[in-house]
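The values are calculated or read from the model by the stated rules, or taken from the named source; none is laboratory data. Remember, it's a predicted structure, so these values are computed and weren't measured experimentally. We place every Cβ from the backbone using ideal geometry, glycine too, and count neighbours over all the protein chains shown. We work out accessible area using only protein heavy atoms, side chains counted, and drop any ligands, DNA or RNA first. Shrake-Rupley method; radii C 1.70, N 1.55, O 1.52, S 1.80 Å.
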Amino acid sequence: MIVLGIESSCDETGVALYDTGRGLLGHAVHTQVAMHEAYGGVVPELASRDHIRRLIPLLERVLAEGRCARRDIDAIAYTAGPGLAGALLVGASFAESLALALDVPVLPVHHLEGHLLSPLLANDAPAFPFIALLVSGGHTQLMRVARVGDYELLGESLDDAAGEAFDKTAKLLGLGYPGGPALAKLAESGAPGRFKLPRPMLASGDLSFSFSGLKTAVLTAVRARELSDADRADLAAEFQEAATEVLSAKAVAACRQSRLSSLVVAGGVGANRRLRERLDRDMAKIGGRVFYPALDLCTDNGAMIAFAGSQRLLQGTAPNRGGAFAVHPRWPLDELR
Ligand code: KG4
Ligand code: ZN
């Protein structure tokens, strides 16, 4: 079964073809970073309009890459939420109309379910059950994944998401959007420990996170005096150290509590090198292992949506019928069944 996946929840247009027999046939992403850069963040209306421009060329590209024709598509999956309402509607209406035209089933997919299952696209995939650490621009969650569709929320951020904290801290340090990768790069030339930042909720005894205090502590340091370039690099390094220390400690605690040894990391912050180093080291200490999606599948993409859709269809989730559909800008993952 060949499933076309469409992702348009935020500032990336992703299109991919996943074959349940042969794997990923084609995958293409257009990122709007350059367009939103001038505004310091995502402008929703511009995002929606750009998704409209990109979808058909991206579809043609993945069809060519996968040596497929439109009639080879057996089903379509698209991100129905959470995300920006207008941006979601572009992908949803495109996917639903194409499904009507091709007369194939169409399935709305939860964006985070896509991220969560993306490490299963790798050759060396974890077996169920596992713990998933979801770290994106909008979410920081620890979930117990028993199988496709069975997700138990163990803990999440009480305020800012990890990616949001990276982005806001980057802004405070005068870095551009998107802040996460820029901050990680600056941190490479700095050293942690010279500035002292808190490790929020490290000893809280539960699996909750909080990142807004960390960002405020950076603000205090920035306001205290004029920072040199070396200071900014050291502050970035200390921020990255603090954030990744807490993320890793809680992920390991979740595995211990659930007596599971496989940890899956998904979402944009999962691309962070320091986080990966720490998680690998900390999980090895408890005899566990960490599974990551390929780097290009960490951030938003259509492949994870095509894959999640295919798993849902194989499992018997009923597709949409009759051309009626809705998007869900807010959609808690544990509401999924
Ligand atoms: O999953 P994603 O692409 O989009 C959402 O669904 O949110 O995640 C984007 C987030 C942004 O906050 C971005 O700054 C962060 O992931 N990010 C990183 C890195 N690469 C992306 N944060 C830290 N280090 C990175 N290398
Ligand atoms: Zn995402």
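What FRET efficiency would be calculated for the residue pair D150, K196, taking the C-beta separation as r and a Förster radius of 41 Å, to the nearest 0.05?
It comes out at approximately 0.50.
How far is the Cα center of the stretch 1-65 from the Cα center of the stretch 78-114, in Å?
12
For D159 and R22, FRET efficiency with R0 = 45 Å and r from the beta-carbon atoms, rounded to 0.05?
0.55
So if I take the centroid of the Cα atoms in the stretch 175-240 and the same for the stretch 266-283, what is the distance between those two points in Å?
Between the Cα centres of the stretch 175-240 and the stretch 266-283 lies a distance of 17 Å.
Need one word for the stretch 256-308: rounded, prolate or oblate. Basis is the Cα gyration tensor (sqrt eigenvalues a ≥ b ≥ c); a/c below 1.5 gives rounded, then a/b vs b/c decides.
oblate
Could you compute how much accessible surface E164 exposes when probed at 1.4 Å, giving the result in Å² to the nearest 10?
In the full protein context, E164 sits at about 60 Å².
Once the convex hull of the C-alpha atoms of the stretch 118-204 is built, how many Å³ does it hold per residue, rounded to a whole number?
155
Among K185/K285; K171/K215; K171/K250; K196/K285, which pairs are too far apart, with a Cα-Cα distance over 22 Å?
With Cα atoms farther than 22 Å apart: K185/K285; K171/K250; K196/K285.
Expected output is a single nm value to one decimal: the length gained when fully extending between A224 and L295, i.e. 0.36 nm times separation in residues minus the C-alpha distance. What is it?
Between A224 and L295, full extension yields an extra 21.9 nm.
Pop a pseudo-label 7 angstrom from the Cα along the beta-carbon direction at both A69 and R321 and give the gap in nm to one decimal.
2.9
Count the net charge of all other residues whose Cβ sits under 14 Å from the Cβ of T220, scoring Lys and Arg as +1 and Asp and Glu as -1.
Within the 14 Å Cβ shell, the charges total +3.
Measuring from the lowest to the highest alpha carbon on each principal axis, how far does the chain reach, largest first, in angstroms?
62, 47, 31
What accessible area per residue comes out for the stretch 210-337, rounded to a whole number of Å², with a 1.4 Å probe?
Ligands and nucleic acids excluded, the figure is 44 Å² per residue.
Might you tell me the accessible area per residue for the stretch 51-187, computed with a 1.4 Å probe and given in Å²?
39
For the stretch 137-269, which whole percent of the accessible surface, found with a 1.4 angstrom probe, sits on carbon and sulfur atoms?
Exposed carbon and sulfur together represent 51 percent of the surface.
Can you work out the FRET efficiency for the pair N123 and T216, with r the C-beta to C-beta distance and R0 = 51 Å, to the nearest 0.05?
Efficiency, rounded to the nearest 0.05: 0.75.
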